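*Asks:* Quick one: the structure is below, and I'll ask about it shortly.
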Amino acid sequence: MQSMLDEFPMKFKPGEGMQSAAADNLFSIDDSADLLKSEADIYHHFVAQGLWACKCACPDIQPAIAVMCTRTKKPNGGDWKKLVRLMKFINGTVNDKLTLSADNLHVIHWYVDSAFAVHPDFRGHTGSVMTYGRGAVISNSSKQKLNTRSSTESELVGTDSECPKILWMKLFIEAQGYKVDVNKVWQDNKSTMLLEQNGKSSSSK
């Protein structure tokens, strides 16, 4: 993370940072002028570095990086502002440590949530976290692969895309010698939960 800051063309004061990696306008596209070729190359380079970093050391920048990855082909001034904010956040948190702890090694908690039609092409966005009590053991933030017609459908698509990891993680933990009593998925959409539990009987179409 420090090497990213050292290489970035803008310099920040020690400890100077932002409270979050992205502002409320993360999914909005600013119609500012496209970046020059040299600036676009810099943008692409640091987004790629951020993609590696969020998977290995800094999961809290995943949502910002996921959206910025969709803008690497033709970034503009608004995208550059988002990158600068991200780098300021990294500057302020570069010495933070990821802490993991377990309340119960036999209970896995998954939190899966989706935002409906937030991307310019009206696709949704899914985020998920797997934890044993404190800290994200596995986390993901990604644009959905298909369009949906409601928040319920978007939540269902998001959960479906995370199911392979949810099922694989249980098998992986058991292969390490730990019995998994509960592999629980938490959600906040009642309609989606009913569909997942009851199948077609909870659907009018």
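The values are calculated or read from the model by the stated rules, or taken from the named source; none is laboratory data. Remember, it's a predicted structure, so these values are computed and weren't measured experimentally. Note that we place each Cβ from the backbone using ideal geometry, even for glycine, and neighbour counts take in every protein chain shown. When the accessible area is computed, the model is the full protein with side chains, heavy atoms only, and any ligands, DNA or RNA have been set aside. Shrake-Rupley method; radii C 1.70, N 1.55, O 1.52, S 1.80 Å.
*Asks:* Could you grab me the full set of residues in segment 1-49 that are open to solvent by less than 40 Å² (accessible area, probe 1.4 Å) and not in a loop (DSSP other than H, G, I, E, B)?
*Replies:* Met4, Leu5, Ala40, Tyr43, Phe46, Val47
*Asks:* Looking at (1) in a helix (DSSP H, G or I); (2) under 22 Å from Asp121 (Cβ atoms); (3) not small (Gly, Ala, Ser), which one does Lys73 not meet, given that it meets all the others?
*Replies:* Failing condition for Lys73: (1).
*Asks:* Being in a helix (DSSP H, G or I), over 16 Å from Val107 (Cβ atoms), of a type in the set (Asp, Glu) and at pLDDT 90 or above is the filter here; which residues of segment 160-205 pass it?
*Replies:* Listed by number, the residues that qualify are Asp160, Glu162.
*Asks:* Among the numbered conditions (1) open to solvent by 20 Å² or more (accessible area, probe 1.4 Å); (2) among the aliphatic types (A, V, I, L, M); (3) part of a helix (DSSP H, G or I), tell me where Met68 comes up short.
*Replies:* That leaves (1) as the condition not met.
*Asks:* Would you check which residues across segment 58-80 are charged (D, E, K, R) and under 12 Å from the mean Cα position of the chain (by Cα) and list them? Before the answer, list the steps.
*Replies:* If we filter segment 58-80 for residues that are charged (D, E, K, R), which is where we start, we get 60, 71, 73-74, 79.
Listed by number, the list holds a single entry, Asp60.
*Asks:* Related question: When segment 89-113 is examined, which residues are found to be assigned to a strand (DSSP E or B) and in contact (Cβ under 8 Å) with a residue 60 or more places away in the chain?
*Replies:* Residues of segment 89-113 assigned to a strand (DSSP E or B): 101-102, 107-113.
Within segment 89-113, Val107, Ile108, His109, Trp110, Tyr111, Val112, Asp113 meet the criteria.
Conditions (1) open to solvent by 80 Å² or more (accessible area, probe 1.4 Å); (2) without any contact (Cβ under 8 Å) to a residue 40 or more places away in the chain, marked per residue:
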{"site": "Ser141", "(1), (2)": "no, no"}
{"site": "Asp160", "(1), (2)": "yes, yes"}
{"site": "Leu171", "(1), (2)": "yes, yes"}
{"site": "Asp181", "(1), (2)": "yes, no"}
{"site": "Asp188", "(1), (2)": "yes, no"}
{"site": "Gln197", "(1), (2)": "yes, yes"}
